[in-house]
Every structure is written in structure tokens, then in C-alpha cells.
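Worksheet: one structure, shown below.
What follows draws every value from the coordinates through simple rules; no lab data is involved. Predicted model only: the values in this text are computed from it and were never measured. Positions of Cβ are backbone-derived with ideal geometry, glycine not excepted, and every protein chain shown enters the neighbour counts.
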Amino acid sequence: MNSDDRTNERHDSVERQLVQRDITDERVLEAMRRVPRHRFVPNELAALAYDDRPLPIGYDATISQPYIVALMAQALALRPTDRVLEVGAGSGYAAAVLAELAAEVVAVELVEPLAALAAEHLAGYGDRVHVVCADGTLGYPQRAPYDAISVAAAAPEIPPPLLDQLAEGGRLVMPVGRGAEDLVLITRTPAGDMRRSLLQVRFVPLRGRHGT
Ligand code: SAH
């Protein structure tokens, strides 16, 4: 492994920011150790890539804080056979973490240059990851249903098309609210959808037809 892979730094940050908090899923921890976050941030911010904070990636978007990416992935309880929809691909970082845990990821991004950037960053995953430039509040019906849906931008309500595209037994995680949001986890069971709030968070706004 070459010296600029920053492996030690990344492993240390996983230990301090995730293990010592409440990330206990070993597969999630391993995925966070594997994905090189410094390759997903702008060059001028690369020195900060292993701080536990969001960083600007242009176009009013941010790469999410590593702890939040790990918490969302853990909440989704992904199996290696799952198909996942991510809304708000941004840099592609969270999609890469999800791709380490599931069989297939469809990552939808509204802003064309960001979709292009995400596609470039995710090229190594081949056809297991599809980046689509579109309004993600409409989901992506072509590949539905999804075992898991992860939304990386906030809106007052969960867009109905996303709930329509969630499989039986599926999980959806999304920041819901205005200003300060609740990170909400929906679990679809035969008895109906269960809803739980995980944490108070702040995300960039979800735009589009069913956005803010
Ligand atoms: N998961 C990203 C975080 C990106 S921030 C990462 O790991 O880098 C949220 C992203 O949602 C922004 O890139 C923004 O452009 C995008 N977004 C906002 N509204 C959207 C919509 N309706 N459909 C798809 N993407 C949207």
C-alpha cells in the first residue's frame, strides 16, 4: 500500500470517532476503514479529510460527517445481497461506504457536475454502483424496490415516491424537519411501517418536486 493512502490516519479516526461512540457494527467499521475519504474531498481540504466534520464540496453541498455516514449505514442494517438507493450522491463518499456493505447502489444526484464527480469517484465499483443525475425525490423506479434507502438531504416530509419504492422488510433513513432535523429511520414490517428518531442533525436542504 503506498504511503499516501493515509491508512493509519483513517484507522485512528474510525477508532476515535466511531468505535468509542456507538458504532458497533463490525461490517460498518470495516467499510469506514476501507473507503479513503481524502479522495472524495476537494484537494485544498484533503488535510481535514479525517476530521469528524462535514466539508464543503461546492454547489452548496457537503460531504457528510463520517460519524453520520456510519450511523446511517448501521441503521440500515445492510446485507451483502441488498439493493440500495441513495438520494444526494454529492461526492460519492456515502455511496462508496454503502457499496462496501451491499450488492448494488443506485446513487441519485440533482446537480450535474456533482453527479459527474461522484461517478468519477465511484468508477472502481464498476456496475455495482450506478450514478444517476435526476431529482431523487422521485426515487429511481427503474431499479425499485430497494431493500434500503438513504437520503442525504433534509425535507419536512419523506417524499412519497421513496416510500413507494421501499421493499417489504426495507429500511429508509432520512433527516426530516426544518432547520434542525430528526434523523428518522423507517422500518417496513408486515404490520406496517415503524418510525424511530435516531438523533438531531443538520443537513443541506433536499430540493426537487417533493423537497423543501
Ligand atoms: N452523500 C453525499 C452528501 C452530499 S450533500 C456525500 O457523501 O458526499 C447532499 C446532496 O444532495 C447534495 O449534493 C445536493 O446537490 C443533493 N440533492 C439535493 N436535492 C436533491 C434531489 N432532489 N435529488 C438528488 N440530489 C439532491
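Structure notes:
- Loop sites in the stretch 111-212: GluC sites (Glu not before Pro), DSSP, at most 15 other Cβ within 10 Å: E157
- 19 Å reach of a label modelled at Q200, 7 Å along Cα-to-Cβ, counting backbone N of the stretch 151-177: 154-157, 174-177
- Only Lys, Arg (+1) and Asp, Glu (-1) charged, at Cβ; the stretch 47-165 dipole about Cα centre in debye: 200 debye
- Proximal charge balance of L172 [Cβ under 14 Å; K/R count +1, D/E count -1]: -3
- Cα gyration tensor shape for the stretch 164-212, rounded if a/c is under 1.5, else prolate or oblate: oblate
- Under-5 Å amide H pairs with I149, H placed in peptide plane, nonlocal only: L85, R171, L172, V173
- For V176, the residues 5 or more places off, or on other chains, whose built amide H falls under 5 Å of its own are D182, L183, V184.
- Using only side-chain charges placed at the Cβ, +1 for Lys and Arg and -1 for Asp and Glu, the dipole size of the chain relative to its Cα centre rounds to 300 debye.
- Summarising the strand pairing of the chain, around 50 percent of its internal DSSP beta bridges are antiparallel.
- Distant-in-sequence amide H partners of L166 (H built 1.01 Å from N, under 5 Å): Y146
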